[in-house]
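Laboratory data are not the source of any read-out in this text; all were calculated from the coordinates shown. Predicted, not measured: the structure shown is a model, and the values here were computed from it. In this analysis, Cβ positions are derived from the backbone assuming ideal geometry, glycine residues included, and neighbour counts consider all displayed protein chains.
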Amino acid sequence: MSAQPLSVGLPPSAAATVFWPRRPGRLRYARRASSIDSWYSGRSNTDRPRPGTLVYCCGPEPLLAAVEARCAGWPPGALRVERFTAPAVSGPDHDFEVELANSGRTVPVPAGVSILKAVEEAGVPVLSSCQEGTCGTCETGVLGGEPEHRDAVLTAEERAAGDVMMICVSRCRGSRLVLDL
């Protein structure tokens, strides 16, 4: 079965970088694809990846959406995408509290304030960088409660596991989280 070309155009100024496996352990590099069609043209292995094949993609949102659609049937974790912005958040925030397991302290997190900011204001240092949910630096273990993931870092499988979260943007679905801090 041959791959069907996708008709997702990129703006002329867009520079898309795509890494595609030529053979096991090797990558092919392509730049400035004018459309995803040129990338997929003639590649039947996008429908049935070889064992161990991984695809990493970063670029404009139309490219990422097209690659995600093409690789939807692949095994979990075979596709990694890097977005430059976290997904838009809908719905209001609510107040909740965070228990810091290492000290036993409880920190209130008001609506509109990130967990990162609340914890830092309580005097607990946490590594962070982007504060937008795109880098993964503030990844923190979740020991209890249910996180509301708002980052662009975790995969669907990692989100479903609920054992880590990016505290710079993600929140709590309930009234309390217990974090490995």
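List of remarks:
- Length gained when the stretch A161-E146 is fully extended (0.36 nm per residue, less Cα-Cα span): 4.4 nm
- Contour excess over end-to-end distance, with Cα ends at A72 and V113 and 0.36 nm allotted per residue: 11.3 nm
- For segment 73-116, the residues whose amide N sits under 18 Å from a probe point set 7 Å from the Cα of T137 along the beta carbon direction are 83-86, 114-116.
- Ranked packing of 100-106, 169-175, 114-120, most packed first, by mean Cβ within 10 Å: 114-120, 169-175, 100-106
- With both labels modelled 7 Å from their Cα along Cα-to-Cβ, the E82 to A65 distance reads 2.2 nm.
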